[in-house]
Amino acid sequence: MEASAQMQEKALLEQGRASLQDLLGSNWEVTFRADQLPEGDHGWDAMLEIKSADGVYVQMLVDARRRVTPKDAAGPLTSMAHLVRRVSQYTRILVIAPWISPLTQEALRANGIDYLDLSGNISLRVSRPAIVIHTHGADRAPAGHRPPSSKPLLTGLKAGRLVRLLADVAPPYRASALAQGAKLSLPYVSRLLDTLDDQLLIERDGKVIVSVDWQGLLRARANQTDLLRNTEPAGMIAPNGVKAVLNRLTVLNHDIIGSPRELLVTGSYAARSLAPISVGGQLMLYVQEHPLNVETWADELGLMPVSEGAEVLILRAKDDSVWQRPMMVGGLWQVGLSQLATDCLSGPGRMPAEGEKILEFMAENEHVWRKTDLSHQSEATHF
């Protein structure tokens with residue numbers, strides 16, 4: 001290990017120890033015991049000892065990592081944990097990292113592995129001495145802790161296009177078919193699939209994708225996007241009321257100008273049409289990104305621009321994938337379910353709760369909306 005990497009690991013270990021010491025308080029002693037590490041090179045970075053005021057202590061094998069993925073948690077770390085438990089059921093494993101994603105946290109907890117990250121995500125459960133700690137830190141990696149990687153993230157238009165296709169069409173399929181269906185380059189698709197494999201969001205058998213965790217995938221996409229920031233919304237008021245706007249949209253949907261290629265409903269109003277949990281909220285409408293589209297549709301729908309207190313938001317669709325696989329619900333064209341879930345989960349206020357409700361609706365009606373063949377990916381859904 002290079003000297004700089006050793007220094008980073010030492011600093012990471014000390015920051016983790018100090019975090020635990022602060023949480024437990026002065027009546028506890030949290031120390032590293034180099035003399036207690038197992039003989040030989042087993043890959044452990046330290047032995048952490050936590051001792052109570054009455055002298056009862058627990059020792060934990062520590063694995064310090066700059067980055068840990070769900071695949072690491074479910075694979076090598078779990079295998080090591082099983083081996084340790086065969087030797088001593090009382091010795092626990094603690095993973096320390098700068099940041100641990102929610103998916104990785106879930107995988108670690110599922111396999112009985114404790115963890116701590118420097119953003120405040122901590123899960124520690126010891127029976128003797130009795131210690132139970134579960135704190136919530138950052139859901140997104142702090143800027144200073146994002147490791148350099150050649151693998152693409154789930155941000156950006158291209159990633160959104162592939163995520164929707166993976167969610168909307170059931171496997172099996174290969175990377176080449178996805179690249180063709182999403183109109184993306186094969187190298188990009190392959191790299192993003194590697195990322196999703198690391199996150200346990202897809203499962204592959206050789207080169208064939210055989211399973212997609214579409215709920216986890218949509219949550220992960222939403223966690224790296226921001227609906228309002230990405231769509232540059234124009235705020236409007238409806239002098240005749242939002243109901244009049246919806247009625248006008250219903251009429252337009254029977255005309256050629258109201259085709260799903262022109263205007264789509266998303267957000268709270270679209271969510272409520274399928275899985276109602278609240279009332280109110282802003283009416284959100286997608287239009288094609290064109291300099292005159294916002295003004296054209298505002299005039300068509302009788303809307304007036306405002307700087308605050310908007311009842312209607314006109315969103316600029318930055319990519320054609322927004323228009324893929326739309327839904328017709330109650331006479332209104334709406335975005336497809338995977339787009340709606342992502343929009344709500346990445347939206348403000350109570351919209352994330354509405355997004356979770358849409359995910360529940362999707363799970364209950366997967367046979368209705370999810371395509372079984374990539375050749376049918378452009379078909380609309382009717383509810």
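The values are calculated or read from the model by the stated rules, or taken from the named source; none is laboratory data. It should be emphasised that the depicted structure is a prediction, and the values quoted were computed from it without experimental measurement. Methodologically, a virtual Cβ is constructed for each residue, glycine included, from the backbone with ideal geometry; neighbour enumeration extends over all protein chains shown. For accessibility, only protein heavy atoms count, side chains too; no ligands or nucleic acids. Shrake-Rupley method; radii C 1.70, N 1.55, O 1.52, S 1.80 Å.
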Mean projected area (nm²) from the convex hull of Cα positions in region 23-102 is 6.3 nm²
Cα extents of region 170-303 per principal axis, largest first, Å, are 58, 32, 28
May I ask for the angle, rounded to the nearest 10°, between helix 156-168 and the longest principal axis of the chain, with both axes built from Cα atoms and the value confined to 0 to 90°?
90 degrees
Cross-link candidates for LYS318: which lysines have Cα within less than 28 Å, leaving aside residues fewer than 8 places away along the same chain?
LYS151, LYS158, LYS183, LYS243, LYS357, LYS371
Spin-label point model (7 Å from Cα, Cβ direction): what's the ASP22 to GLU364 distance in nm?
4.4 nm
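How large is the charge dipole for the chain, taken about the Cα centre, if only the Cβ atoms of Lys, Arg (+1) and Asp, Glu (-1) carry charge, to the nearest 20 debye?
So the magnitude is around 420 debye.
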Taking only protein heavy atoms into account and a 1.4 Å probe, give the accessible area per residue of the chain in Å².
49 Å²
Could you order GLU308, GLU295, GLU9 so the one with the most accessible surface comes first? Probe is 1.4 Å.
GLU308, GLU295, GLU9
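Rounding to the nearest 20 debye, state how big the charge dipole of region 171-286 is about its Cα centre with +1 on each Lys and Arg Cβ and -1 on each Asp and Glu Cβ.
Result for region 171-286 is approximately 240 debye, rounded to the nearest 20.
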Between TRP44 and MET7, what FRET efficiency comes out of the Förster formula 1/(1 + (r/R0)^6) with R0 = 25 Å and r the beta carbon distance, rounded to 0.05?
0.85
Run the 1.4 Å probe and let me know the accessible area of ASP22, rounded to the nearest 10 Å².
130 Å²
Could you work out how far helix 78-87 tilts from the main Cα principal axis of the chain, as a 0 to 90 degree angle to the nearest 10?
30 degrees
Partner aspartates and glutamates for LYS71 [C-alpha distance under 17 Å; skip if fewer than 8 residues away on the same chain]:
ASP63, GLU106, ASP114, ASP194, ASP197, ASP198, GLU203, ASP205, ASP213
Round to a whole number: what % of the accessible area of region 44-141 belongs to carbon and sulfur, probe 1.4 Å?
49 percent
Of the accessible area of region 273-375, computed with a 1.4 Å probe and all protein chains kept, carbon and sulfur make up a percent value of 52 percent
With all protein chains present, how much of the accessible area of region 149-230 (probe radius 1.4 Å) comes from carbon and sulfur, to the nearest whole percent?
50 percent
For the chain, the longest principal axis of the Cα atoms and the Cα long axis of helix 242-252 enclose an angle in degrees, to the nearest 10, of 60 degrees
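Of all the C-alpha pairs in the chain, what % are more than 29 Å from each other?
More than 29 Å apart: 52 percent of the Cα pairs in the chain.
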The chain: relative contact order from alpha carbon pairs under 8 Å, six or more residues apart, as a whole percent, is 12 percent
To the nearest 20 Debye, how big is the dipole of region 228-329 about its Cα centre, given +1 on the beta carbon of each Lys and Arg and -1 on that of each Asp and Glu?
380 debye
Suppose a student asked you for the relative contact order of region 168-221, using Cα pairs under 8 Å spaced at least 6 residues apart; what percent would you report?
38 percent
